[in-house]
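Only one structure is covered here, and it is reproduced in the block below.
The values are calculated or read from the model by the stated rules, or taken from the named source; none is laboratory data. All values reported here derive from a predicted model rather than from experimental measurement. Cβ atoms come from the backbone with ideal geometry, glycine included; neighbour counts cover every protein chain shown. The protein model used for the area step is the full one, side chains on, heavy atoms only, and it has no ligands, DNA or RNA in it. Shrake-Rupley method; radii C 1.70, N 1.55, O 1.52, S 1.80 Å.
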Amino acid sequence: MRGLLACATLARRAAASSAPARVRHLAGAAEAAEAELKRTALYDFHVAHGGKMVPFAGWSMPIQYRDSIMDSTVNCRANGSLFDVAHMCGLSLKGRGAIPFLESLVVADVAALRDGTGTLTVFTNEQGGAIDDSVIAKVTDHHIYLVVNAGCRDKDLAHIEAHMEAFNKKGGDVKWHIHDDRSLLALQGPLAAPTLQLLTKEDLSKMYFSDFKMIDINGYACFLTRTGYTGEDGFEISVPSENAVDLAEAILERSEGKVRLTGLGARDSLRLEAGLCLYGNDMEQHITPVEAGLSWAIGKRRRAEGGFLGADVILKQLQEGPKIRRVGMVTQGPPARSHSELVSGSGERIGEVTSGGFSPCLKKNIAMGYVKSGMHKAGTELKVVVRGKSYDAVVTKMPFVPTKYYKPS
């Protein structure tokens, strides 16, 4: 492995030294900009394996490798993918007040979770809007593990810390640990479980979607959650950063080349096909969980009691219905992109696209967006405006590609 990394470094240096002065100057400027980006523990590993590195949320991350984004997307659903998602922020909340504290900030019924299980939830603001979405796991009554988005890390941590200080001043008992010493890998696809089973003694067949365990994988102390962002069965693996490269290599080797390193480009195609929100596109601070189609994430007790930021707005929407709703669409013409306008057959503006693109698995254009309530039902015909021209679109149920989460039969 070290030889492969060294070769990649020497190749880059050789290319730079043989280039004209102006090109070397531009390359130097690009390297300086690159140097300002944070790097995960797998950065050199990505470069050595042909990763095309791009800026993302302040990090240098692979958008793709040697195969195309379309091929990577299809391979994930046919075999499997391994993603580096260490730019995301894992943290633990601990103490007697961990559950009531977190429930003051999110819509989930955390107390109702069994130990070793988790759920998707949403951090809300006073207006009921989404600060971020997060996967949380109840380890015990006094320990919650959660992961927040890379692009939201700073605001999320500031938000949590400010409320934690206020909570503790009132006699609460909660503290946190940010897991910056760990990396996060996502193993997704039909070969995820059989491949990972070769690296652990834990019986993964008894671990279902959203379950959480602290187990040894390849001899390393890992936090394992059966979850993902593709619609496929799979796992997110928190591993000590010094063991991240070795674990990635072991996973790829044990899959006999069928599980491939996969970048952010295919990850976005996969989550869109699965109808999953991307924060900053499909969810923002002015969008409530109800409007985003995430009412199912609001626990029954929370609907009755509230007790989270913006509860009055959200509970009213649950009773009366929201004015706008997130929908899926199949579109004609060029792929619709974020902010493409949506209009009715009579030309009335009724919403806009928040995510869109060509589906590698379905071989057609798909999109998500928000429309006025009443225009959200499956089969509703719309027009989408792309580059000043109108094209046909039809509201479609999501997910676009059926999910394959591993659940009890």
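Which ones in region 242-262 are more than 20 Å from the chain's Cα centre (by Cα) and open to solvent by less than 60 Å² (accessible area, probe 1.4 Å)? Those that are more than 20 Å from the chain's Cα centre (by Cα) and open to solvent by less than 60 Å² (accessible area, probe 1.4 Å): N243, V245, L247, E249, A250, I251, L252, S255, G257. Given the condition free of Cβ contacts under 8 Å to residues at least 60 places away in the same chain and closer than 24 Å to N79 by Cβ, answer yes or no: does some residue in region 176-195 qualify? The answer is yes, given that some residue of region 176-195 is free of Cβ contacts under 8 Å to residues at least 60 places away in the same chain and closer than 24 Å to N79 by Cβ.
The single condition among (1) of a type in the set (G, A, S); (2) farther than 20 Å from L272 by Cα; (3) free of Cβ contacts under 8 Å to residues at least 40 places away in the same chain that G351 does not satisfy is (2).
Whether any residue in region 312-330 is farther than 27 Å from A108 by Cβ, of a type outside the set (A, V, I, L, M) and touching a Gly at 6+ places or on another chain (Cβ under 8 Å) is what I want to check. No. Exactly one residue among G189, G171, G219 is assigned by the TED database to the domain that holds S269, open to solvent by less than 10 Å² (accessible area, probe 1.4 Å) and of a type outside the set (D, E), and that residue is G189.
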